[in-house]
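Here is the structure we will look at.
The values are calculated or read from the model by the stated rules, or taken from the named source; none is laboratory data. Keep in mind that what you see is a predicted model, and the values were worked out from it rather than measured. Ideal geometry is used to build each Cβ from the backbone, glycine not excepted, and the neighbour counts take in all protein chains shown. Surface accessibility is based on the protein's heavy atoms, side chains included, excluding ligands, DNA and RNA. Shrake-Rupley method; radii C 1.70, N 1.55, O 1.52, S 1.80 Å.
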Amino acid sequence: MSRATAPVRAPHAFIRAKARATQRKYPFPSTAARASKFPAVSFDGLTPEEKASMALVNLFTMAATRVILDQMSGTRHRSPMFNKIVDYLQEHPLRNGNEWLAQLMAHEELDYRLVAVRIIETRKVLADTEFDYEHMQEAALKGITEENLELSREYLSCSLDADEHVDDLHV
């Protein structure tokens, strides 16, 4: 069928088809879709997903830095940059991965900038191929379920203990 003879689909039909495809790809509704069900949650103007994304960027930067440090500390030969990067980490703690890398990239010594490039490349590989996002989601949900159960048990236990003390006072 040529473009000229192809039936024209209404825009809303395309949007519904795209939404169905997205639902299959992403099991959780988007922030916009949840807006009608939950009050707006913001962390300094960021959605929970954006805040989690920032945390993952920092985690990948830290992990990539550890990988590069491990490579530099080889069993036969330790790179002279190993101690320099360790000292740099002590002087400039890695709290925000992007800012920390920007500072390292702006360092006056070329060796520091080259290490920053290696970290950037390594964190990209970690994020693209090594990190299991589904396992993270499953582990987070399992942890929340277990912790909620434990907290509920503790609350119930404390409530029952408090009721017993009240009954002792009335006797």
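Pick from LYS18, LYS51: which is surrounded by 10 or more Cβ atoms within 10 Å (Cβ to Cβ), in a helix (DSSP H, G or I), in contact with a strand residue (DSSP E or B) (Cβ under 9 Å, 6 or more places away or on another chain) and at pLDDT below 95? Even if it seems obvious, please write down each step before you answer.
On the way: LYS18 fails: in contact with a strand residue (DSSP E or B) (Cβ under 9 Å, 6 or more places away or on another chain).
Criteria check complete, one pass: LYS51.
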Item checked: Test set (1) open to solvent by less than 90 Å² (accessible area, probe 1.4 Å); (2) modelled with pLDDT of 55 or more - ARG78 fails condition number -> (1)
Note to self: Yes or no: region 26-39 includes at least one residue that is modelled with pLDDT under 85, touching a Pro at 6+ places or on another chain (Cβ under 9 Å) and either of a type outside the set (S, T, N, Q) or in a loop (DSSP other than H, G, I, E, B) (or both).
What the structure shows: yes
Next item on the list: Please find, within region 54-68, the residue that is surrounded by the fewest Cβ atoms within 10 Å (Cβ to Cβ) out of those that are small (Gly, Ala, Ser) and in contact (Cβ under 8 Å) with a residue 40 or more places away in the chain.
Entry: ALA63
Next item on the list: Return yes when GLU146 is open to solvent by 100 Å² or more (accessible area, probe 1.4 Å) and modelled with pLDDT of 95 or more and no when it is not.
Entry: yes
